[in-house]
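**Student:** Sharing a structure below in structure tokens format, with a few things to ask.
The values are calculated or read from the model by the stated rules, or taken from the named source; none is laboratory data. No experiment lies behind these values; they were computed from the predicted model shown. Virtual Cβ from ideal backbone geometry, glycine too; neighbours counted across all protein chains shown. Remember, those area values only see protein heavy atoms, side chains included, never the ligands or the DNA or RNA. Shrake-Rupley method; radii C 1.70, N 1.55, O 1.52, S 1.80 Å.
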Amino acid sequence: MTPLTGTKKEKAGILVAYFLIYVVWGSTYYFIGVALSGLPPFLLGAIRFSTAGLLLLAWCFYRNEPVLRKSLIKKSAISGIVLLFVDMAVVMLAQQYVSSSLVAIVASSTALWIWVLDVPRWKISFRTPAIIVGSICGFLGVAMLYIEQFSLDTPAQPHREYGILLLIFGCISWALGTLYTKYHASGEEETNAFAGSAWQMLFASAMFWTVALFRGEITRTDLHAVPPAAWQALLYLIVFGSVFAYSAYIWLLKVRPATEVATHAYVNPFVAVFIGVTFGKENVTGIQIAGLIIILLSIFLINKRNVSHKKEKQ
């Protein structure tokens, strides 16, 4: 990890932000599954992100932040749709085929996709054969999970491999959105990270509302019949998953290296698997654990090799 610099308050803020994206974000996989027990996926996303976006925007207005800048809104629209809408939509759709634990395990490959798609850093990221081999091993871990789901198809739950394909697509979208946010942020966005987060969530929610309306989720959902547990999970996702954790993620991208921020993929799956197994009574197979270890080990080795190379140059 790049050494922390700045005042004690700034260092503390960075540590709190990392806790939010490491631990709190890892827990959201389980709570998404709970919320989906009473709400359809796109309506869930619509309510979650419109509420969180409005709350965060109101807070920015209260702090007199310049939230109505054209450039801020335009770039937030792009990153919100690519980073939030696409990824979260496929995560929720994938959980119709696979467990929240497996969703988190596959999502751990996001850091690998960031390495591969971060073209400006190719000369640095893939400077040695060891790094290239590490990346290949990571993707082999994902392939193991896909093959396992294909073999586990049953008449009661067919096409489980669709969940993996959806998640891979979501990981790519998240990586592209992360890199867009990192490299196309203006100085204005650097100082208004929370306002940018609010607009991203609002644009994502607009897409969720549109699809929910098109799919008929709004008209066929009886909100009075939604169980209390689903509403409680939705509240957790709004406050902790979106307002706090997502805002922390966007802010960290402004002050820390993108590949370092992506290391939340180390911790998220372990938190998700622990909660899924403990509270959701989900089953985690040996192949899934092996795939997770391979993916995370490859990311660790890649990061370690890059840090070593940086020290050698110094």
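**Student:** I'd like the full set of residues that are open to solvent by 40 Å² or more (accessible area, probe 1.4 Å) and modelled with pLDDT of 80 or more, limited to region 170-193.
**Tutor:** Matches in region 170-193: Ile172, Leu176.
**Student:** Go through region 266-283 and give me each residue that's closer than 29 Å to Thr178 by Cα, surrounded by fewer than 23 Cβ atoms within 10 Å (Cβ to Cβ) and in contact (Cβ under 8 Å) with a residue 40 or more places away in the chain.
**Tutor:** Passing the criteria: Tyr266, Val267, Phe270, Val271, Ile275.
**Student:** Could I ask something else about it? Kindly indicate the residue of region 194-246 that is more than 17 Å from Leu55 (Cβ to Cβ) and small (Gly, Ala, Ser) and also most open to solvent (accessible area, probe 1.4 Å) among those meeting that condition.
**Tutor:** By that ranking, first place goes to Ala225.
**Student:** Further question: Go through region 89-122 and give me each residue that's more than 21 Å from Thr278 (Cβ to Cβ) and of a type in the set (Gly, Ala, Ser).
**Tutor:** Result: Ala89, Ala94, Ser109, Ala111.
**Student:** Only one of Ala58, Ala94, Ala104 is out of contact with any strand residue (DSSP E or B) (no Cβ under 7 Å at 6 or more places or on another chain) and surrounded by fewer than 17 Cβ atoms within 10 Å (Cβ to Cβ); which?
**Tutor:** Checking each option against the conditions leaves just Ala58.
**Student:** Further, regarding this structure: Test each condition in (1) open to solvent by 20 Å² or more (accessible area, probe 1.4 Å); (2) at pLDDT 80 or above for Glu312 and report the one that comes out false.
**Tutor:** With (1) open to solvent by 20 Å² or more (accessible area, probe 1.4 Å); (2) at pLDDT 80 or above applied to Glu312, the lone miss is (2).
**Student:** Does Phe85 meet the test of being touching a Lys or Arg at 6+ places or on another chain (Cβ under 7 Å), buried (at least 22 other Cβ atoms within 10 Å of the Cβ) and over 19 Å from His264 (Cβ atoms)?
**Tutor:** Spelling it out, it is not the case that Phe85 is touching a Lys or Arg at 6+ places or on another chain (Cβ under 7 Å), buried (at least 22 other Cβ atoms within 10 Å of the Cβ) and over 19 Å from His264 (Cβ atoms).
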